[in-house]
Amino acid sequence: MRLEGQLSPDTKINDLTPFLNYVSVYTGIMDDTYTDTNINCSNAVFACLKLHNGGTIAYRKDAAFGGTATTNALPIPFDPDGKVTDGTTNGPGKSVSFFLYYNGRIVDRAHVLAGTSNTAATYGTQPNKVPPWFSWD
């Protein structure tokens with residue numbers, strides 16, 4: 001992929017960041033997904049980007065698609081307000097995790113396909129990790 005704009009099984013989110021406009025690197029703390037603890041954006045596992053509108057997205061630095069199957073995906077937690085809002089594990093400020101599949105499909109944690117994986121982890125459907133404020137409508 002690198003600079004040609006082509007995906008490969010080795011593509012990581014970090015490979016896509018040169019193509020994003022209106023973002024900056026964020027090294028603070030962001031709300032993790034509903035029911036989980038916060039994400040440290042400057043640790044060895046995660047990196048974060050601050051969007052122009054103030055929202056934050058996180059990604060695993062060590063995860064690549066790992067293949068070209070319809071179940072190869074990368075998780076991308078998105079916190080719309082971009083800050084830790086209430087310090088609880090289930091508050092309204094929590095982020096929602098999206099999964100970007102190799103084939104371009106995007107789902108939330110409640111709609112993860114069976115067998116979803118990448119080079120760092122395997123994921124299952126977890127509707128309890130989707131915050132009540134989120135809807136596809």
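Structure data summary
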{"item": "Neighbours by Cβ (under 8 Å, 6+ apart or cross-chain): first from the range 101-124, on the phi > 0 side of the Ramachandran plot; second open to solvent by less than 40 Å² (accessible area, probe 1.4 Å) and among the polar types (S, T, N, Q)", "result": "Gly115/Thr71"}
{"item": "In the range 95-120, the residues that are within 13 Å of the chain's Cα centre (by Cα), more than 14 Å from Asp10 (Cα to Cα) and among the hydroxyl-bearing types (Ser, Thr, Tyr)", "result": "Ser95, Ser97"}
{"item": "Output for the range 65-79, where each listed residue is open to solvent by less than 40 Å² (accessible area, probe 1.4 Å) and among the aromatic types (Phe, Trp, Tyr)", "result": "Phe65"}
{"item": "Considering residues of the range 24-38 that are of a type in the set (A, V, I, L, M, F, W, C) and surrounded by 15 or more Cβ atoms within 10 Å (Cβ to Cβ) only, the residue farthest from Pro80 (Cα to Cα)", "result": "Ile29"}
{"item": "The range 91-131, residues that are at pLDDT 95 or above and among the hydroxyl-bearing types (Ser, Thr, Tyr)", "result": "Tyr101, Tyr102, Thr116, Ser117, Thr119, Thr122, Tyr123, Thr125"}
{"item": "Any hit, the range 90-102, residues being over 24 Å from Trp136 (Cβ atoms) and either touching a strand residue (DSSP E or B) at 6+ places or on another chain (Cβ under 7 Å) or open to solvent by 10 Å² or more (accessible area, probe 1.4 Å) (or both)", "result": "no"}
{"item": "Close pairs from the range 40-63: first assigned to a loop (DSSP other than H, G, I, E, B), partner of a type in the set (D, E, K, R) and open to solvent by less than 20 Å² (accessible area, probe 1.4 Å), Cβ under 9 Å, at least 6 apart", "result": "Gly55/Asp79"}
{"item": "Residues (surrounded by fewer than 17 Cβ atoms within 10 Å (Cβ to Cβ) and outside any helix (DSSP H, G or I)) located in the range 118-133", "result": "Thr119, Ala120, Ala121, Thr122, Gly124, Thr125, Gln126, Pro132, Trp133"}
{"item": "Identity of the residue in the range 16-61, farther than 18 Å from Leu100 by Cα and in contact with a helix residue (DSSP H, G or I) (Cβ under 9 Å, 6 or more places away or on another chain), that ends up modelled with the highest pLDDT", "result": "Val25"}
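The values are calculated or read from the model by the stated rules, or taken from the named source; none is laboratory data. As the structure is a prediction and not an experimental result, all values here were calculated from the model. Ideal geometry is used to build each Cβ from the backbone, glycine not excepted, and the neighbour counts take in all protein chains shown. Quick note on the areas: whole protein, heavy atoms, side chains included, nothing else; ligands and nucleic acids left out. Shrake-Rupley method; radii C 1.70, N 1.55, O 1.52, S 1.80 Å.
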